[in-house]
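Reading through the structure tokens given below for one structure.
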4 protein chains.
Amino acid sequence: MIKAGIIGATGYAGGELVRLLLGHKDAKIIWYGSRSYIDRKYGDVYQNMFQIVDEKCLDDNMEELAKQADVIFTATPQGFCASMMKEDILAKAKVIDLSADYRIKDVAVYEKWYGIEHKSPQFIEEAVYGLCEVNREDIRKARLVANPGCYTTCSILTAYPLAKEGIIDMGTLIIDAKSGTSGAGRGAKVPNLYCEVNENIKAYGVASHRHTPEIEEQLGYAAREKVALNFTPHLVPMNRGILVTEYASLKKEVTYEDVKAVYDKYYGNERFIRFLDEGVCPETKWVEGSNYVDINVKIDSRTNRIIMMGAIDNLVKGAAGQAVQNMNLMFGLPESEGLKLVPMFP
Amino acid sequence: MIKAGIIGATGYAGGELVRLLLGHKDAKIIWYGSRSYIDRKYGDVYQNMFQIVDEKCLDDNMEELAKQADVIFTATPQGFCASMMKEDILAKAKVIDLSADYRIKDVAVYEKWYGIEHKSPQFIEEAVYGLCEVNREDIRKARLVANPGCYTTCSILTAYPLAKEGIIDMGTLIIDAKSGTSGAGRGAKVPNLYCEVNENIKAYGVASHRHTPEIEEQLGYAAREKVALNFTPHLVPMNRGILVTEYASLKKEVTYEDVKAVYDKYYGNERFIRFLDEGVCPETKWVEGSNYVDINVKIDSRTNRIIMMGAIDNLVKGAAGQAVQNMNLMFGLPESEGLKLVPMFP
Amino acid sequence: MIKAGIIGATGYAGGELVRLLLGHKDAKIIWYGSRSYIDRKYGDVYQNMFQIVDEKCLDDNMEELAKQADVIFTATPQGFCASMMKEDILAKAKVIDLSADYRIKDVAVYEKWYGIEHKSPQFIEEAVYGLCEVNREDIRKARLVANPGCYTTCSILTAYPLAKEGIIDMGTLIIDAKSGTSGAGRGAKVPNLYCEVNENIKAYGVASHRHTPEIEEQLGYAAREKVALNFTPHLVPMNRGILVTEYASLKKEVTYEDVKAVYDKYYGNERFIRFLDEGVCPETKWVEGSNYVDINVKIDSRTNRIIMMGAIDNLVKGAAGQAVQNMNLMFGLPESEGLKLVPMFP
Amino acid sequence: MIKAGIIGATGYAGGELVRLLLGHKDAKIIWYGSRSYIDRKYGDVYQNMFQIVDEKCLDDNMEELAKQADVIFTATPQGFCASMMKEDILAKAKVIDLSADYRIKDVAVYEKWYGIEHKSPQFIEEAVYGLCEVNREDIRKARLVANPGCYTTCSILTAYPLAKEGIIDMGTLIIDAKSGTSGAGRGAKVPNLYCEVNENIKAYGVASHRHTPEIEEQLGYAAREKVALNFTPHLVPMNRGILVTEYASLKKEVTYEDVKAVYDKYYGNERFIRFLDEGVCPETKWVEGSNYVDINVKIDSRTNRIIMMGAIDNLVKGAAGQAVQNMNLMFGLPESEGLKLVPMFP
């Protein structure tokens, strides 16, 4: 039984991690870390957990936790994990960081986009980017995994096979993303109030969102070239779900079947990626509560572009589900353990 | 492995039954019945099931199904199950009817409130009312279970201990219920369109909703008196969830602790009923996707009334979850098999 | 042209007041008071007002405002208006207080339910309870109007004719109310975040909500007896709207036509009260954005109760619209000036 | 007083037209046409109009209507208006067609994208494309106005000045659009049910939506070149509102100020177009219920692209509001008469 500790257990991603780990037969949560709610019963903070989780919240003490746990999940604000990381911790426990601290290999890029100093750059090289379908073998051997961002996971996986196979012109790639509001976290801010989000849609972080360099770096590895793209997130009045609509010019003439074959080449055996039937557009509701990524494409011969669409549950495949998938890989468990979640509809 | 057939598998309750049975280790769906979608892939009707369910929809042939299945779930419009029922079917397979056909013992009451003739009244007496927490022992031995209505389940369980113990004046009982829109089914009707339901709340079926006599009958058994009450359903702009707020005058002076002790007496060992901490009001979101019933009460000494509140997920404890719970009882399985669902939040 | 000043112009009720007064041909806003946003452009706080309102927010200086304005609206937290009120202010300007400070005649009741000391009880007697359809003549002559609460307006108007005419047993009156989230205000609190409210319904303030004594007092005047009732508010995932469902036992046998005649007697000439056709239940969406109150009833002969239903837009008839209606009365203008708003659907 | 008749008065756009015309001081509705609801009271179909509109619905008799009315609005399915149009009608009444029948000058393009035969192509040339801010002078003189589509209005106005001034490379233009559900109409279809739309987002009509050729034609006139672009609509869980996010490569180096100056050149005097302050992204909620178009842009020097964003209320500026604006122009009234609507928030 893997002993798991969570730092930041009372955020939405932390809460989802609790939900998933409670259904995992080889893992057990031994630490519900939450600086804001120390000594308060976890089931009082999240009443859905009433009588399911009896433990109280503990402090964010990573050193102590490293002694007790086999794996530490950090679902914390940017900078926190980097500020606590030490060789001593990694020597004792594996760490899966749900923040951005170890996602970007170039520390200067990280510091520019996040506007903070990285406190432990010495671990960046070792950290494995935890996009399971892409880096599976490296993840198996990792001590420190940088769990990808929610927008990033969806954006990358949707375009990855076409980038890898040189089907699309990377210089033309535009990603228009739409997210449910849980991505904004549980902080009490006016723009996230019900009445401000409901019956409303807006773009935000235009040409400046922090997930941009992460997407560019990873798709750059796939395409083996430096990539600069436009990424525009939008806030949608729903709790969960990310949909990306990606546009790129085709580098050669291809049919839908050609493209489908490329996706099949990379994802044909992937349990959590579903390439939909021709003509069916992904919808976030169809993956809600599950670890699936639903993908499809449409070729527009009029404009010589391909429109790629992908949908995930931002709290599952975009955060907690992928973290558990990473844990499974790191501990040699079946990759889908605890993740055989059937999407809930309606 | 129990072989389960579903008649009406493409309604919302049928879809939820599929979701739950897919996670049940001792049951297997062998028949996806749907007259409207015969020969269409189930995963095309409900895209969340894409690559999870590969079967096609079959006709609503209960006789054939009885030969192949151990248990038949009928998630069909009122009257259908009654019109098909025969001794021959029950001799071969157990039946769990999610419609109202066998819920009401007095066939005249059924025919009056539902406005249709009952086609097989000879089975009404045998049918067991499948409210697991109340009729557990009878359900274990049943061939035919009448799965309770969604409003009914929540309304009865919220008041049951107080009715049973004579704490409340049954003549004063008023039930104000609020339901998500999935309760209205998947039929294409203008009043259920997004734009009509969203940003709106209304009462409907005032003093005439069909779940009224079902609640009255069952609470009447508990209170050992004839009960006539007001039940008012409301349509709420959300997909899932039922909340009931029930009002009754107290027959004697009681404290919150007294009342809590009464609930503990009946529900203390119930896995799926959670009597919340004092002062915490049930919220539908806290039980979403799960089989829980969350209950609490508030005593108002100013008016000598008690306000009882209960929340369920209408598609789980109010339909498919309870049906699976009934199946577990009927087949001697652990009652919570396939139902260890942690509520999803947010 | 009436010069109007608003204290608390950046709350939701204050914002609605701005919207309505901008469409009023005899009034002009000369003061956008908002302590939190002093010196910030109003149109930056509420971007819907961009290029419509060019003024900046000013401090909550009631004394200065009294010198400049003909009427002062206070859309402020409880206690603020009472703490600022002086004879000198009322001598210079009429005041319409949207808070609860002058609604309750018995200062002890106010202090008990609101938990604060009343700082200017000497004005309570003078203050007129601004429920226009009930107190029209007194309002015309008032200097200080206590604008009714949102729940209160809807609760009282829905039952008023039956209370007044002795049709219902006041001791049996139960009010189950449902409100959109704008009623909770624009404060940044976790329970009002989108993800907490969306897909959720709950009761709150059970047997303790502050609008209770206000409803009891006013319906007590109508019934000419002391009234104690149950009032239970619920939070509904929508921006605007209040629906009340009220239950009471009938004191005598009446038909729907009898009851309709009673409503017609009191409301037959009221522009803003619509008694719906028989069988039609009020829906909040049908009054959205308007000053209407939609009402209907259903008699349940089985239980000898009448179910009364009423719907308003909580920000219009429940706050800003009624405040404007009061202003019109106080200044001798046509009562509907600035309020000829057609409900917006969908 | 202009006598206005509406064919298709019971659709959502027709209903909005009724709302707006009721507030128009120089127009009066004399015909509520609705084939589906003939002889039914309009206020029964749309209960928000109860006691406001007492008329009954009439048949879709355009010939008779032309005799009685000064202006006819057709808010009908594609093909209807074209099938009824005759010189005799236009000789008697002005016609504002809210369908697509006269929007596209090339009848072959119309017939290809809409899949129907055009029954009166002889009027296409005469018809004026009713985008008021672009074709104002022609509209003033028109007998037949083709009221633009909702997506189209928002898409064109957002990019128009940059297309006109040659700032953007038209071959790179991509429009990612998001719409509330009222755009789908009031037809009873499963995909528009509350439970299917709520908590969900999806693209649809990818590379095939019928508004594409309309946008291409109009932006082609502006850019004086043939334009082929990608237009992708998405369905968003909200009632009203369209947001477009448009991407194009810059043809020359420009600053935000340069671009703002271009928008000011074309829209500086436009009452209904608001170019927002730098850094402020349009949100649909800020224009809800009003005739405004909110626009802003962001230049991304990293990719040499400009991101243009625009927001409208699809039922107002995207349908009924623009139709009234056209009527005002055609009858020589002040352009904003009946349209001084302050957006409603929240």
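Taking the longest Cα principal axis of chain C as reference, the axis of helix C:12-22 is set at about 70 degrees.
At 7 Å along Cα-to-Cβ for each site, give me the label-to-label distance between C:E125 and D:E126 in nm. A separation of 7.7 nm, rounded to one decimal place. Counts of other chain beta carbons within 10 angstrom of each beta carbon in peptide C:173-181 average 5.
Classify the protein assembly as shown: rounded, prolate or oblate, from the alpha-carbon gyration tensor (a ≥ b ≥ c, eigenvalue square roots; a/c under 1.5 rounded; otherwise prolate if a/b is larger than b/c)? Please list the in-between numbers first.
Numbers: a/c = 1.30, a/b = 1.00, b/c = 1.29.
The shape class here is rounded.
Put in order of Cβ neighbour count within 10 Å, fewest first, the listed residues C:T255, C:T76 become C:T255, C:T76. Ranked from shortest, the separations from the 7 Å Cα-to-Cβ label point of C:A261 to its equivalents in the other copies are 5.4, 7.7, 8.4 nm.
How large is the dipole of segment D:151-314 about the Cα centre if only Lys and Arg carry +1 and Asp and Glu carry -1, each at its Cβ, rounded to the nearest 20 debye? Walk me through the numbers on the way to the answer.
Values: 19 positive and 22 negative charges, 68 e Å.
Using Cβ point charges on Lys, Arg, Asp and Glu, segment D:151-314 gives about 320 debye.
Taking a ≥ b ≥ c as the square roots of the Cα gyration tensor eigenvalues, with a/c under 1.5 meaning rounded and otherwise prolate when a/b beats b/c, else oblate, which class fits segment C:286-346? In terms of gyration-tensor shape, prolate.
Placing a label point 7 Å from Cα along the Cα-to-Cβ axis, C:G115 is separated from the same position in the other copies by 3.6, 5.0, 6.2 nm, shortest listed first. Normalising the average separation of contacting C-alpha pairs (under 8 angstrom, six or more residues apart) by the number of residues puts the relative contact order of chain C at 17 percent. For segment D:123-172, the list of GluC sites (Glu not before Pro) that fall in a loop by DSSP and count at most 13 other C-beta atoms within 10 angstrom reads D:E125, D:E126. Nearest-to-axis residue in chain A, judged by Cβ distance to the rotation axis that brings A onto D and given in whole Å, is A:D176, 2.
Each eigenvalue of the Cα gyration tensor of segment C:137-241, multiplied by 5 and square-rooted, gives one semi-axis; in descending order these are 28, 18, 11 Å.
For the residues B:K164, A:K298, A:K105, what sequence is obtained by ranking on other C-beta atoms within 10 Å, fewest first?
Values: B:K164 17, A:K298 21, A:K105 14.
Listing B:K164, A:K298, A:K105 from fewest to most nearby Cβ atoms yields A:K105, B:K164, A:K298.
Using only Cα coordinates, the Kirkwood hydrodynamic radius of segment C:151-314 works out to 16.2 Å. Taking the Cα of C:K28, stepping 7 Å toward and past its beta carbon, and measuring to each backbone N in segment C:48-62: which are under 17 Å? Of the residues in segment C:48-62, C:52-56 have backbone N under 17 Å from the label point off C:K28.
Of the GluC sites (Glu not before Pro) found in segment D:230-331, those in coil by DSSP whose Cβ has at most 15 other Cβ atoms within 10 Å are D:E253, D:E278. For chain B, the convex hull spanned by the alpha carbon atoms encloses 134 Å³ per residue.
Mean-square fluctuations from a GNM of chain A, with a 10 angstrom spring cutoff on Cα atoms, peak among A:V324, A:V18, A:V197 at A:V197. When the C-alpha to C-alpha distance is required to be over 23 Å, the pairs from A:K178/A:K317; B:K265/C:K202; C:K317/D:K340; B:K251/C:K252 that qualify are B:K265/C:K202; B:K251/C:K252. Cβ crowding within 10 Å, taken as a proxy for footprinting-reagent exposure, orders C:R140, A:R240 from fewest neighbours to most as C:R140, A:R240. For segment B:2-126, rounded, prolate or oblate, judged on the Cα gyration tensor with a ≥ b ≥ c (square roots of eigenvalues), a/c < 1.5 rounded, else prolate if a/b > b/c? Prolate, since a/c reaches 1.5 and a/b exceeds b/c.
How high is the FRET efficiency from B:I38 to B:D88, r the C-beta distance, R0 30 Å, rounded to 0.05?
The computed FRET efficiency comes out at 0.80.
Helix A:132-141 and the longest principal axis of the C-alpha atoms of chain A enclose an angle of approximately 40°.
For segment D:151-314, the relative contact order works out to 31 percent when only alpha carbon pairs closer than 8 Å and six or more residues apart are counted. Normalising the Debye intensity of segment B:1-61 to I(0), with uniform scatterers on Cα atoms only, and taking log10 at q = 0.16, 0.17, 0.26 Å⁻¹ returns -0.41, -0.47, -1.12. Of C:P282, C:P121, C:P161, the residue with the greatest mean-square motion in the GNM of chain C, using alpha carbon springs below 10 Å, is C:P121.
May I ask what percent, to the nearest 5, of DSSP beta bridges between residues of the protein assembly as shown are antiparallel? So the antiparallel bridges in the protein assembly as shown amount to around 50 percent. Inter-chain neighbour count for D:202-214: the average number of beta-carbon atoms from partner chains within 10 Å of each residue's beta-carbon is 4.
Go ahead and estimate [θ] at 222 nm for chain B from helices alone: -39,500 (n - 2.57) per DSSP H run with n ≥ 4, summed, over the residue count, rounded to 500.
Details: 12 runs with 105 residues, N = 346.
Estimated from H runs of four or more residues: -8500 deg cm²/dmol.
Summing charges over neighbours of A:M62, with a neighbour being any other residue whose Cβ is under 12 Å away from its Cβ, gives -2 when K and R count +1 and D and E count -1.
Could you work out how far helix A:321-330 tilts from the main Cα principal axis of chain A, as a 0 to 90 degree angle to the nearest 10? So the helix axis and the longest Cα principal axis differ by about 80 degrees.
The distance between label points at D:V107 and D:D258 comes to 4.5 nm (points 7 Å beyond Cα on the Cα→Cβ vector).
Enumerate the lysines that B:K112 could reach by cross-link, defined here as Cα to Cα under 19 Å, with residues fewer than 8 away along the same chain left out. Excluding near neighbours in sequence, the set is B:K226. For the pair segment C:69-133 / segment D:170-248, the C-alpha centres are spaced 51 Å from each other. Of all the options A:A100, A:A159, A:A66, the one that moves most in a Gaussian network model of chain A with Cα springs shorter than 10 angstrom is A:A66. Ascending distances from the A:G166 label point to its copies in the other chains, with the point 7 Å along the Cα-to-beta-carbon line: 3.7, 8.8, 9.6 nm.
Rule-based calculations on the coordinates, nothing more; no lab input. These numbers come from a predicted model, not from an experiment. Here Cβ is always computed from backbone atoms with ideal geometry, including for glycine, and neighbour counts include all displayed protein chains.
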